[in-house]
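Data first, discussion second: the structure below is written as structure tokens.
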């Protein structure tokens, strides 16, 4: 089995790419946390990694035709995101209901719940478009810095 594959770009032009480059392109496009922001960047990454030069039009056509790739703005996800904290916060309503039900209703007329709030003023990084498959929803890491006060 040959490790070189011909790609038809248009007209009579054919480009020969190695199978490892095509697998690399597929891996990069299927990544849900992409870092590639353009086809030019993907082209340069292939040049740097494999030492193979691919015409921009060839790469663009191949990615669109085979993988239906698109440039999309990624959804925000903070770089310090804690999945355990999210799960514990989802349990809060049932926890409050359990506390209310465990109280002796003869002794108390009502239950007060006190909360606190904070105000934050800061800077959030800008989300760029990233290159990914059409069906993949990209998740982009972002960082925000801020000053806050508690009430």
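Tell me the residue from 65, 100, 8 that is modelled with pLDDT under 80, more than 30 Å from residue 145 (Cβ to Cβ) and in a helix (DSSP H, G or I), please.
So the residue among 65, 100, 8 that is modelled with pLDDT under 80, more than 30 Å from residue 145 (Cβ to Cβ) and in a helix (DSSP H, G or I) is 100.
Of the residues 70, 141, which is surrounded by 10 or more Cβ atoms within 10 Å (Cβ to Cβ) and touching a helix residue (DSSP H, G or I) at 6+ places or on another chain (Cβ under 9 Å)? Lay out the reasoning, then the answer.
Numbers: 141 fails: touching a helix residue (DSSP H, G or I) at 6+ places or on another chain (Cβ under 9 Å).
Answer to the selection: 70.
Among the candidates 94, 88, which residue alone is out of contact with any strand residue (DSSP E or B) (no Cβ under 8 Å at 6 or more places or on another chain), assigned to a helix (DSSP H, G or I) and surrounded by fewer than 10 Cβ atoms within 10 Å (Cβ to Cβ)?
Numbers: 88 fails: surrounded by fewer than 10 Cβ atoms within 10 Å (Cβ to Cβ).
Matching residue, one of 94, 88: 94.
Tally time: how many residues in the range 32-53 are part of a loop (DSSP other than H, G, I, E, B) and in contact (Cβ under 8 Å) with a residue 12 or more places away in the chain?
Going through the range 32-53 one residue at a time, the tally reaches 8.
Could we say that residue 110 is modelled with pLDDT of 75 or more and more than 13 Å from the chain's Cα centre (by Cα) here? I'd like the intermediate steps shown before the answer.
Details: modelled with pLDDT of 75 or more: no; more than 13 Å from the chain's Cα centre (by Cα): yes.
In short, no.
Starting from the range 54-75, take each residue that is at positive phi and touching a residue at least 60 places away in the same chain (Cβ under 8 Å) and list its partners that are surrounded by 14 or more Cβ atoms within 10 Å (Cβ to Cβ) and not in a helix (DSSP H, G or I), counting only C-beta distances under 9 angstrom and pairs at least six apart or across chains.
68/133
The values are calculated or read from the model by the stated rules, or taken from the named source; none is laboratory data. Please read all numbers here as calculations on a predicted model, not as lab measurements. With ideal geometry, Cβ positions are generated from the backbone for all residues, glycine too; neighbour counts draw on all protein chains shown.
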